[in-house]
Amino acid sequence: MDTEQIYQTVRARFDHAQAKKVLKEKYKAKMVFASHNGMWLAGPELISVLQCCFGELAIIQDLYHNPVKVNVANLLAESQQRWQEQMNAWLVEYSELEKQR
């Protein structure tokens, strides 16, 4: 294995790792949304908190740690929908990235 081939292999791996980080940041930013007078990050944490809430209304902290009164069912539906849409799109782009490797 010559030096140029080693260099190309290392460069390809570095580029792939960097592209994965960029994809993660891109889709994490797309999971932030405004609703019920608060800013939320759709994800397993928010979905779990909402599923643990009893009753129709609850007071929980938003992304900026502000207490917000929310309709649990509505926010849960919005959060799950955004999470699933973005995860599906992320998987498509990630699969394309893996093919290029």
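Based on DSSP H runs of at least 4 residues, each adding -39500 (n - 2.57), what is the mean residue ellipticity at 222 nm of the chain after dividing by all its residues, to the nearest 500 deg cm²/dmol? Calculated mean residue ellipticity at 222 nm is -23000 deg cm²/dmol. Each Lys and Arg Cβ is given +1 and each Asp and Glu Cβ -1; about its Cα centre, the chain then shows a dipole of about 120 debye. Report which label in [x] 66, 23, 20; [y] 63, 44, 18; [z] 45, 27, 21 holds the value of Cα extents along the principal axes in Å derived from the coordinates of this structure. Label [x] holds the value from this structure.
When TRP40, TRP83 are sorted by how many other C-beta atoms sit within 10 angstrom of their C-beta, beginning with the fewest, the order is TRP83, TRP40. Non-local lysine pairs in the chain, meaning eight or more places apart or on different chains, with alpha-carbon distances under 16 Å, amount to 4.
Read-outs: derived from the displayed coordinates by stated rules, not from any lab. Computed from a predicted structure; not experimentally measured. Positions of Cβ are backbone-derived with ideal geometry, glycine not excepted, and every protein chain shown enters the neighbour counts.
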